[in-house]
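Below: the structure, in structure tokens.
Bear in mind these aren't lab numbers, they're just calculated from the coordinates by the rules spelled out. Computed from a predicted model, the values in this text were never measured in an experiment. Every residue, glycine among them, receives a Cβ derived from its backbone with ideal geometry; neighbour counts consider all protein chains shown.
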Amino acid sequence: MSDNFFVTTPIYYVNDKPHIGHAYTTILADVLTRYHKVAGIPSFFLTGLDEHGQKVKQAAEARGMSPLDHCNDLAPRFTDLWEKLEIQNDDFIRTTQPRHVQVVQAILQKVYDAGDIYCDEYVGWYSVSEERFITETEKDSGEFRDVAQLKEKNWFFKMSQYQQQLIDYIQKNPEYIQPEHRKNEILGFLRQPLGDLCISRPKSRMDWGIELPFDKDYVTYVWFDALINYVSAIGYLTDDENFNQWWPAVHLLGKDILTTHCVYWSTMLMALGLPLPRTIFAHGWWLMGESKMSKSLGNVVSPLDLIDRYGVDSVRYYLMREMVLGQDASFTMESFIKRFNSDLANDFGNLLNRVSGLIAKYFDGSIPPPSKQQGSDKPIIEKAVLLEDKVKTLIESMRIHEAIEETIVLVRCVNKYMEMQAPWKVAKTDLERAGTILYVATEALRISAVLLSPVMPSKTAAVLDILGAPGSKAQWGQLQPSTQMQTHTALFPRLEIPEK
Ligand code: ME8
């Protein structure tokens, strides 16, 4: 088993353009990968597109296009957005690619040969919108649209025979499904008898999918196909060395697709005799104010509009800082601007302006050397020295918003320290002491910038350039005295709350 870090996002349906929810999971994976890279852990970040199945087929039909033309046309909307969001994914898989199709078919054949796939006639309720057979209880819940009764010959995966093995695994591995309340939700679901999984669709009804290798009249059910992307992309059955280097993965996803990952995917991996993912982490839902984001309500936030208006780093910062992983979060323009103004304009940006202004004024822009430290410098130095480990621990336990907050707390403390020490007054009588205060403040700012760099890659790189410390690490003392600072304009000018 690999100790490397392999992180995935869901592969998104190509039925519409991406919105803020898709952007969120992808930024989250990017931020986690960047933190691991900073910590020197080899990392691999996979995202991509789910291109088969009824939803995509219907979206293509609505545009009068073939499904593949439709996918080829829409795929760049995702890749372009990822580029704008400075997402550094290592691979981008599309389920129509031959490298994926080939592995799906090989897996189907393998599971079939092992006797875990059988054919049966099935009569049951089918939800067209969810693309799956649903139980009587689910039908009665009223949560499913487009429900119809269907009688059909189909192929089934013997998911039920892995039920106990899955329960045991979840109980023995408390890190497997996170957060805890999602684990309990799945264990609750598994208290009911688990049925087998219908993994085929007759071409006569739905032909947009991967053909079953053992029955030419059927295509693979879109979820059985899509989940396999997590292993087909890294070389399962085609490149053992690469596969073993990365598997098992950390899967990031929204709570909407928890069951498909925890139950379908886990039992599929059991049937293949593969280790289960390291963690399946389900985050909460971005709501628009209090309501769900939906096209019909017309309240979908476009990430592109936000980036164009406020810059990519502020969007990344807001999304990562504002959502407590695992809980829902509410998106409002007011909270966006408030967060920007308090953390980025007043705290982080202000500290940069202060130190660079004072160093320009009293030291001609050359970073002063730290001379004798005084007791009042110690709390700042201690906080800054301990911060890297603190952030690392918080990131490892997926408390990203706390890791960010801890870093901003240091910045706030440094701003207070500046007020207390008033180097602009000290400079008039003791330039050496003023230089030490400014060195301590600037070095703490530099460490904060390094530790925020996974969240705001561009702005923090700009800060490090201004300080003449590009590529420096989070250890105290890397800021070089006598380095000439660059002049700059305000990196985070305050925003006004737009009038309604
Ligand atoms: O489900 N808040 O794709 P999908 C937070 N193709 N995250 C959100 C969100 C919101 N309001 N809306 C969407 C599929 N997401 C399948 C996945 S994986 C093998 C197949 C994010 O396009 C969140 O990560 O509907 C959610 O799980 C995902 O988008 C669903 O994307």
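Over all other residues within a Cβ to Cβ distance under 15 Å of residue 86, the charged ones net out to -1, with Lys and Arg as +1 and Asp and Glu as -1. Taking the C-alpha atoms only, the angle from helix 312-322 to the longest principal axis of the chain is near 80 degrees. With K and R counted +1 and D and E -1, the other residues having a Cβ less than 13 Å from that of residue 66 yield a net charge of -3. For the chain, the dipole from Cβ point charges (+1 on Lys and Arg, -1 on Asp and Glu) about the Cα centre works out to 1380 debye, to the nearest 20. If the cut-off is a Cα-Cα distance under 12 Å, which aspartates and glutamates reach residue 216, setting aside same-chain residues fewer than 8 apart in sequence? Within reach: 207. When the chain is described by a simple charge dipole with +1 on each Lys and Arg Cβ and -1 on each Asp and Glu Cβ, the residue from 484, 277, 169 located farthest towards its positive end is 484. In sequence order, segment 467-483 has phi-based couplings of 7, x, 10, x, x, 6, 9, 7, 8, 4, x, 7, 6, 8, x, 6, 6 Hz under the Karplus curve 6.51 cos²θ - 1.76 cosθ + 1.60, θ = phi - 60°, and Gly or Pro positions carry x. Estimated purely from DSSP H runs of n ≥ 4, each contributing -39500 (n - 2.57), the mean residue ellipticity at 222 nm for the chain is -14000 deg cm²/dmol once divided by its residues.
Ranked for footprinting exposure by Cβ neighbours inside 10 Å, fewest first, 482, 330, 43, 448 give 482, 330, 43, 448. For segment 333-466, the relative contact order works out to 31 percent when only alpha carbon pairs closer than 8 Å and six or more residues apart are counted. Over segment 15-138, calculate the relative contact order: mean separation of alpha carbon pairs under 8 Å at least 6 apart, over the residue count, as a percent. Once divided by the residue count of segment 15-138, the mean separation gives 27 percent. Close amide-amide hydrogen proximity is noted between residue 366 and 485, each under 5 Å apart and 5 or more residues distant or on a separate chain (H modeled in the peptide plane; Pro and chain starts excluded).
Of 378/473; 183/459; 390/425, which pairs sit farther than 29 Å apart, going by alpha carbon to alpha carbon? Distance filter (> 29 Å) returns 183/459; 390/425. Could you tell me how many degrees, from 0 to 90 and to the nearest 10, lie between the Cα long axis of helix 180-189 and the main elongation axis, the longest principal axis, of the Cα atoms of the chain? Result, in degrees: 10. What angle do you read, to the nearest 10 degrees and between 0 and 90, between the alpha-carbon axis of helix 20-38 and the longest principal axis of the chain? Its long axis makes an angle of about 60 degrees. What does DSSP give for the chain in terms of the percent of beta bridges that are antiparallel, rounded to the nearest 5? Taking every DSSP beta bridge with both residues in the chain, the antiparallel ones total about 50 percent. A straight Cα-to-Cα reach below 19 Å connects residue 55 with the lysines 17, 203, 295, residues fewer than 8 places away in its own chain not being considered. Note: relative contact order over the chain, using C-alpha pairs below 8 Å and six or more positions apart, is 15 percent. Taken about its Cα centre, segment 333-466 carries a charge dipole of roughly 320 debye when the Cβ of each Lys and Arg holds +1 and the Cβ of each Asp and Glu holds -1.
Approximating the spin labels as points 7 Å out from Cα along Cα→Cβ, the residue 106-to-residue 420 distance works out to 6.3 nm.
Take the convex hull of the alpha carbons in segment 333-466; its mean projected area over all directions comes to 8.4 nm².
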